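Everything below concerns the one structure shown next.
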Amino acid sequence: MDWLYGLFFSGEGTVNAVVAMSIVAVCGLAVGEIKIGAVKLGIAGPLFIGLAFGHFGLKMNMHILEFAREFGLILFVYAVGITVGPGFFQAFKKEGVLLNILAASIVIIGGVITVAIHFGFNLPLEVVVGLFSGGTTNTPSLAAGMAMLKEVNATAEQIGIPGQAYAVAYPFGVIGILLTMALIRILFRVNVEASADAWQKEQGANISAVETMSIDVSNARVSGQAFCDLPTVQSHSVVVSRVMHSGTQHVAESDERIAVGDTILAVGSRSKLVELRDALGSEAVVNLQTVPSPIRKQQFVVTRSQVLGKHMDQSMLHGVIITRLTRAGIELVQNPNMKLQFGDQLTCVGTEEQLDRLAKVLGNEVKALQHTQMIPIFLGIFLGVVLGAVPFFVPGLPAAIKLGSAGGPVVVAILLSRIGHIGPLVWHMPPATTNALREFGITMFMCCVGIYAGKSFIGTLVHGDGLLWMACATLITFVPIFVVGVIGRLVFKINYLTLCGVLAGSMTDPPALAFANALSPSDAQATSYAAVYPLTMCLRILTPQIILAAFWVMA
């Protein structure tokens, strides 16, 4: 039976490493799915199971462990960057600016408290960095801190300590934000249903659905004008897609002249359609879409690399009119200034022959949306690792800092997903691929962290400073979110459900979002969570690196 013992406890060889990670991953993921109320450990399950197995003697070769840990981290943060990249810059528009400021304040206050704990309780930096990550349930932050410790030539023992501190701090990190949401609700006597209704009314006032309207032209004053000269068409608020002249329909042309007696079909928001109707005549009794004609409406998906990044000009459209563009689930009125992106869904109007020609131009290969291009993935990872290794000189710091294996890939992924494509290379990954890459990477990372830290975790908790660590983690968790939550509600009058989404997003905490979603079926929580998640994730990754780099250069 020596072979069986060696398979699990020898700590040497590739087979031992695969067996160790696999058994920890299987057990950890299973435990992570167990719910207690609305909360479950989720991806933290492999960490705690790894700690348990590590405590009872499960080992891995250190070189293999370090590779698996770093590669898992790179896969995870790269997938996160690809996911949040398209909406990263959009999040700063309108009310998103305030929400992001509040979320960023939570991270900054937490960082300040972490530094204060280092001085006040004389705890080592590797401990407080782990407490910062665990107290905010942010695994990439833990990974970034451990990567930075490696960059500053910390010992293997020091690199393992943040994982122990993270595990000690994690429980209140999960519970603390849930208690804060409940406490704010009690303090301000919030009516959740009223908050949901208020948010829904606000969204209805801000978002205009795209509609169609058939209009009879009866105003002689506009007769002879070109459609493109009408204010609503000129501002790209409305698209005129069809014209029925003398009982025959045809696709509208931008320079076509308006004639009294014609009936047109226009696409746009209700208010803009009414404005166009008042300028031309009256709403038609008949809907042109129901009148038999050679004109067809069809939806196409942009998948051909040759058209990516190009404007939708008439030379490319073969006489077809594009009435709507759906991108990231949002339906918009077609605007010729927009550049085509991979996966855009276009609603087009034209004859069958014209539509067939346009389909070839756009690609319209639905299967391509589910195809994973491997070259862009590995190229992006390569560029991310290179960027992470580049030293940056920050004014005031006597030595350079690096983004590391946690920061470099996420920054590159955000930029590449925002760009969308470079030539034939498309930085689009199907959701299933992105999710698999993210979950596989973080599972590898958590398994390795748990296995390594497990050998000394129990001793630290029972015989060391475990209770002090828990108390300090409570401060890091509770103070920032409670202070900012009260300010957001009291000063800025932010909707309670929106505020819950901001608090959950500031901690990048899916269990907290699940708890907030359980309060109401409203989309307010998820919307604000998504709005602040990209910036918060980047700040969570950078904060421990900045803390460690600053103290390292001052040492």
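Other residues whose C-beta falls under 10 angstrom from the C-beta of residue 191 contribute a net charge of 0, scoring Lys and Arg +1 and Asp and Glu -1. For the chain, the longest principal axis of the alpha carbon atoms and the long axis of helix 404-419 meet at an angle near 0°. Any idea what angle helix 14-32 forms with the longest principal axis of the chain, computed on alpha-carbon atoms, 0 to 90 degrees, nearest 10? It works out to around 70 degrees. Placing a label point 7 Å from the Cα of residue 361 along the Cα-to-Cβ direction, the residues of the stretch 247-268 whose backbone N falls under 16 Å of that point are 251-255. Spin-label pair residue 326-residue 492: with each label point 7 Å from Cα along the Cα-Cβ axis, the two points sit 3.3 nm from one another. Peptides 155-161, 213-219, 288-294, 263-269 ranked from most to least packed, by the mean per-residue count of other Cβ atoms within 10 Å: 263-269, 213-219, 155-161, 288-294. Going through [x] 0.97; [y] 1.07; [z] 1.02, the figure that equals Rg/Rh (Cα atoms, Kirkwood Rh) as computed for the structure here is [y]. Converting phi to 3J(HN,Hα) with the Karplus coefficients 6.51, -1.76 and 1.60 and the offset θ = phi - 60°, the stretch 465-479 yields 9, x, 5, 5, 4, 4, 5, 5, 5, 4, 4, 4, 6, 7, 4 Hz in sequence order, with x at every glycine or proline.
With everything on Cα atoms, drop me the angle between helix 510-519 and the longest principal axis of the chain, reported from 0 to 90° to the nearest 10. Around 60 degrees separate the two axes.
For residue 231, neighbours were defined as the other residues whose beta-carbon sits under 12 Å from its Cβ, and their charges (Lys and Arg +1, Asp and Glu -1) total -2. Each label was represented as a point 7 Å from its Cα along the Cα-to-Cβ direction; for residue 194 and residue 369 these points are 4.2 nm apart. Once the chain from residue 97 to residue 211 is taken as fully extended at 0.36 nm per residue, the excess over their C-alpha distance is 38.1 nm.
For the stretch 440-447, the Karplus equation 6.51 cos²θ - 1.76 cosθ + 1.60, evaluated at θ = phi - 60°, returns couplings of 5, x, 6, 5, 4, 4, 5, 4 Hz by residue, with Gly and Pro reported as x. Under 19 Å from a label point set 7 Å out along the Cα-to-Cβ vector of residue 462, the amide N atoms of the stretch 164-202 belong to 164-165, 167-169. With distances taken between every two different alpha-carbon atoms, the stretch 46-202 has a Kirkwood hydrodynamic radius of 18.4 Å. Here r is the Cβ-Cβ distance between residue 202 and residue 71 and R0 is 30 Å; the resulting FRET efficiency, rounded to 0.05, is 0.10. Taken over the stretch 205-344, the ratio of Cα radius of gyration to 2.2 N^0.38 Å equals 1.05. Solvent-accessible surface of the chain, taken per residue with a 1.4 Å probe and all protein chains present: 45 Å². For the stretch 98-200, a crude dipole built from +1 on the beta carbon of Lys and Arg and -1 on the beta carbon of Asp and Glu, taken about the Cα centre, is about 160 debye to the nearest 20.
Scoring 145-151, 236-242, 177-183 by mean Cβ neighbours within 10 Å over their residues and listing the highest first yields 145-151, 236-242, 177-183. Here the dipole of the chain is about 360 debye; that uses its Cα centre as origin and unit charges on the Cβ of Lys and Arg (positive) and Asp and Glu (negative). Under the simplified labelling scheme, the residue 26-residue 379 pair shows an inter-label distance of 3.9 nm, with each label point 7 Å from Cα along Cα→Cβ.
Each Lys or Arg adds one and each Asp or Glu takes one away; over the other residues whose Cβ falls under 11 Å from the Cβ of residue 351, this sums to -1.
Residues whose amide H comes within less than 5 Å of that of residue 351, counting only those at least five positions distant or on another chain, are 296 (H built at 1.01 Å from N in the peptide plane). From helices alone, the chain scores -20000 deg cm²/dmol at 222 nm; the rule is -39500 (n - 2.57) for each run of n ≥ 4 DSSP H residues, then divide by the residue total. Checking the cross-link pairs 272/297; 272/493; 201/367 against a 29 Å limit on the alpha carbon distance flags 272/493; 201/367 as lying beyond it.
With an a/c value of 1.5 or above and a/b larger than b/c for the gyration tensor axes a ≥ b ≥ c computed over the alpha-carbon atoms, the stretch 249-318 is described as prolate. Peptides 134-142, 429-437 ranked from most to least packed, by the mean per-residue count of other Cβ atoms within 10 Å: 134-142, 429-437.
The amide H of residue 364, built 1.01 Å from its N in the peptide plane, has 301, 303, 304 as neighbours under 5 Å, considering only residues 5 or more places off or on other chains.
The values are calculated or read from the model by the stated rules, or taken from the named source; none is laboratory data. Predicted model, so just to flag it, every value in this text is computed and none were measured. Cβ coordinates were reconstructed from backbone atoms using ideal geometry, including for glycine residues, and neighbour counts include every protein chain displayed. These accessible areas exclude ligands, DNA and RNA; they are computed on the full protein's heavy atoms, side chains included. Shrake-Rupley method; radii C 1.70, N 1.55, O 1.52, S 1.80 Å.
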